[in-house]
Amino acid sequence: MDWGKVKFFLGEVLRNFTRNAGMQATAIGTVAITIVLLGVFLFVRGELTGLGTQLLDQIEISAYLSTDATPAQIASLRRLLAQDPRVVSVDFIPKKQGLAELRDRTKGAIDTSTLTENPLPDKLRVRVRVPDQVPAVAASVRRLSGVDNVVYGQTIVARLLQLGDVLRRVGIAVILVFFAVAGIIISNTIRLTVFARRREIAIMQLVGATNTYIRMPFICEGMLDGVVGALLAVGLLAAARATLWPRMVEALPWVAFNTTPVDVGAIAAELLLVGAAIGVVASWISVGRHLRT
Amino acid sequence: MISLRGVSLIYPNGVHALDNVTLEIAKGDFVFLVGHSGTGKSSLMRLLYREAHPTSGEITVDGIRVDRLRSGRVPALRRHLGVVFQDFKLLSDKTVWENVAFAMQVTGAHTKAVMRQVPRSLDLVGLSHKSRMYPNELSGGEQQRTAIARALVNNPKILLCDEPTGNLDPSNTTEIMELLLRINLKGTTVVVATHNQAVVDRMRRRVVRLEDGRIVTDEERGYYYLGLGQGQVLSG
């Protein structure tokens, strides 16, 4: 390892970085804002999909059996459904249990003691592995003989699936816009340093430095912008989570927040990586423009 | 060492900078390129270190076909050449030592080689005692000597000087020309583009004269003006 080389190189990067302090601060600030927004957005999306998933997880398909279904038919139906790879569990609910459950759920609002006869049919309760597959499984259950009617939260499933889809799309669009803005600002910062160092670059080219070598300090500078910005953002996000988050949970008790602890380290690493990537790409582009001859 | 065959250079704006130039420069030569401003001296130099690309013709420098050189190979060519300019092109925030070392460091030289070569190069131009000074603390001549030390630090076989004394007073000019001569005597091929008549006439070296992008005369031991001795200055 030639430490002299390393020292020279790092010295060049540091000199670049400190020369244009105002511009660097702007670039770092923009990256920080971008990544804070990205972090907040990811968090909100995570909470919303968390809530959605909770609701979706509770969704089950009730397959009401026809009154003339024989026990053998019911058994074969259960076997058939249990073999379906999309299905997690199939439970047989006899009508007696169904009535009891109804009584419990409505907490006595319906007085079942006045009934002379149980009006409910027997049913199969089917749980599905992935919420997206609920409608398809429901449709195939409906086609089976011995099944009279199939009920699941049709509209809520459709809505939740749609909401998740919209969130994903909007999220991707918003993130792309943030990235473009941060990229453009870093790219302009690097262009300024490139301009400030045009004499140095000319001399480097003259004495036979390769374009890769000339490019390297600028790439590092861009990366530094990205990483420092991301560090700031991660700090802000961590502080917000530590102080605002408990208050929010307290203030909004009716919202079923996802309170399982998140892996802050992994998220921070991801955000840092994102920052570095923005910096590298942006500076690569702006130096490349200058070196083209 | 340097060979041009039927080289023409037309700039994108339509200016014919060089027109069918053929020139051979042997290893160890010392050659003056003379002519008025705008006659193609600098253009010819720029072709040699591949700052410009010929419109037609063949250029060979130290065995490298420069006219066919891919841009990725240009750095390799330039490591074989030292180039010196009228405006020195020194970095004002680096010391003399750092300016010279810079040429090695940015081409990935080992620190050991830098520590060995830089003092040698500074010694050659006689600036060892000023290695810690910054360019603006030096005289013009000393700045140009720094630039020459930088051009020589990678041990090039060819030194190209484009108006090296254009910004210098007569005594500094003499100093620089003597230095170039010394470098030439050590075996480096030296090409100097200049319109400094006194320098050319005093040195009595090979003189290649350009006019409107063509070579009009090429004399061993020539004068700035064809067949004129020192002191016989043409007016205008």
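Nothing in this text is a laboratory measurement; each read-out follows from the coordinates by a stated rule. Computed from a predicted structure; not experimentally measured. Glycine also receives a Cβ, built like all others from the backbone with ideal geometry; neighbour counts cover every protein chain displayed.
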With x for Gly and Pro, the residue-by-residue ³J(HN,Hα) of the range A:229-234, computed from phi through the Karplus equation 6.51 cos²θ - 1.76 cosθ + 1.60 at θ = phi - 60° and given in whole Hz, is x, 5, 4, 4, 5, 4
Per principal axis, largest first, the Cα atoms of the range A:71-144 extend in Å by 42, 29, 18
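Show me the trypsin sites (Lys or Arg not before Pro) within the range A:110-170 that DSSP assigns to loop and that have at most 15 other Cβ atoms within 10 Å of their Cβ. Provide the component values of the computation, followed by the final result.
Values: sites: A:LYS123, A:ARG125, A:ARG127, A:ARG129, A:ARG142, A:ARG143, A:ARG159, A:ARG168, A:ARG169; in loops: A:ARG129.
Passing sites in the range A:110-170 are A:ARG129.
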Residue by residue through the range B:151-160, the couplings from Karplus 6.51 cos²θ - 1.76 cosθ + 1.60 with θ = phi - 60°, in Hz, x for Gly and Pro, are 5, 9, 5, 8, 6, x, 7, 10, 10, 9
Chain A: Kirkwood hydrodynamic radius (Cα pairs, Å) comes out at 24.3
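Evaluate peptide B:83-91: per residue, the Cβ atoms of other protein chains within 10 Å of its Cβ; return the mean as an integer.
So the per-residue partner count for this stretch is 2.
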So, for the Cα atoms of the range B:1-159, Rg and Dmax in Å stand at 17.0, 49
Which residues qualify? For A:VAL207, with a placed amide H closer than 5 Å and at least 5 residues away or on another chain, they are none
dims of the range A:1-113, Cα set, principal axes, largest to smallest, nearest Å -> 88, 41, 18
What the 20 Å binned alpha carbon P(r) of the protein assembly as shown shows, as percent of pairs per bin from 0, is 17, 31, 19, 15, 12, 5, 1
The base-10 log of I(q)/I(0) that the Debye equation returns for the range B:32-123 at q = 0.17, 0.22, 0.24 Å⁻¹, one scatterer per C-alpha, is -0.92, -1.16, -1.22
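For the range A:186-239, what is the convex hull volume of its Cα atoms per residue in Å³? All intermediate terms of the calculation are to be shown ahead of the outcome.
Details: hull volume 3.5 nm³, N = 54.
So the per-residue hull volume is 65 Å³.
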Expected vector for the range B:194-202, Karplus 3J(HN,Hα) from phi with 6.51, -1.76, 1.60 and θ = phi - 60°, integer Hz, x for Gly and Pro, equals 7, 10, 8, 4, 4, 4, 5, 5, 6
